[in-house]
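Comments concern the structure below.
The values are calculated or read from the model by the stated rules, or taken from the named source; none is laboratory data. As the structure is a computational prediction, the values presented were derived from the model and not from experiment. Here the Cβ positions follow ideal geometry from the backbone for every residue, glycine too, while neighbour counts run over all protein chains shown.
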Amino acid sequence: MLTHNIKMNKIERIYSSLYKKYGPQGWWPLLELNIKGVNPTKTGSMKGYHPGDYSYPCTEKQRFEICVGAILTQNTSWIQAEKSLSNLNSAKILNPKSIIEIERGKLASLIKPAGYFNQKSRKLKEFSDFYFGLKGKIPSREQLLNVWGIGEETADSMLLYAFKIPTFVVDAYTKRIFSALGIINKNAKYSEIKPLFESSIKKNLEIYQEYHALIVEHGKRIMEKNNQAAFAADLHL
DNA sequence: AACCAGGACGTGA
DNA sequence: TCACGTCATGGT
């Protein structure tokens, strides 16, 4: 990992600090792993993660599941998205063809726990249509952004965790934490933050997957304590 | 009992 | 471009 480097920039040092503090996060969580019982200690849902194992997704179904999860978790806690995901799986419609064919209202009721069910049911249908047309190919970022309901973070999450392309994911926690650390200003745009990270860290899939996951984990813990001022202190910088 | 969650889109300035 | 409003359930 990055700790082998003697000269690390600030962004790399924060990664090392987070990794040392929390360890590998095992993103993206997958439903099937709940049964196996891979179960690290962490905030929120404690199932589905596979820390230190970067072989996932190893099936087409898992790849699609990650994309669906990325849409369901938009502005929604993972625990709620996971319930919806589980509903889809139980209904045996966790595949593009079934989501295209199912009645929209019925789809909406299945994903109710994740909130925004009218918007998200439409998003899932439009994305499934797109995914079906890929026929196994890996989409470009631009292609993903052209799908209604997929913005920058969702597109990057899909690329990083479902399609295994090292691209940096910026989320609300990233903005809060790194603006609190004085590394970016708090109204910095996605299109400015992303290249900052990508120019600071070598493009390594495992590191990019871990970094975003670690930021979310740290963000959650800080928010639990309701103490955003402790961002920097908690990183021992 | 307000506040927020692993955002994105539509609208009017 | 940008600042807001909207979408919606369930935790704490």
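Looking at (1) farther than 18 Å from A:GLU65 by Cβ; (2) within 14 Å of DNA strand C (Cβ to nearest atom); (3) assigned to a helix (DSSP H, G or I), which one does A:TRP148 not meet, given that it meets all the others?
(3)
Here is a list of conditions, (1) in contact (Cβ under 8 Å) with a residue 24 or more places away in the chain; (2) surrounded by 15 or more Cβ atoms within 10 Å (Cβ to Cβ); (3) within 13 Å of DNA strand C (Cβ to nearest atom), and A:VAL170 meets all of them except one; can you say which number that is?
(3)
I'm trying to understand the selection: among the residues of segment A:131-148, which are crowded, with 17+ Cβ neighbours inside 10 Å and within 12 Å of DNA strand B (Cβ to nearest atom)?
A:LEU144, A:VAL147
How many residues are closer than 16 Å to A:SER98 by Cβ and either modelled with pLDDT under 85 or under 16 Å from the mean Cα position of the chain (by Cα) (or both) if we restrict to segment A:38-61?
Here the count works out to 0.
Among the helices (runs of 4 or more DSSP H) contained in segment A:61-140, which hold 2 or more residues that are closer than 20 Å to A:TRP28 by Cβ?
The helices (runs of 4 or more DSSP H) meeting that bar are A:78-90, A:96-101, A:117-134.
So is A:LYS194 within 16 Å of DNA strand C (Cβ to nearest atom) and within 18 Å of the chain's Cα centre (by Cα) or not?
So A:LYS194 passes the test.
Against the definition (within 13 Å of DNA strand B (Cβ to nearest atom) and closer than 24 Å to A:VAL169 by Cα), how does A:TYR49 come out, yes or no?
Against the criterion (within 13 Å of DNA strand B (Cβ to nearest atom) and closer than 24 Å to A:VAL169 by Cα), A:TYR49 qualifies.
Of A:ILE177, A:ILE184, which residue is more than 28 Å from A:GLY48 (Cα to Cα) and crowded, with 19+ Cβ neighbours inside 10 Å?
A:ILE184
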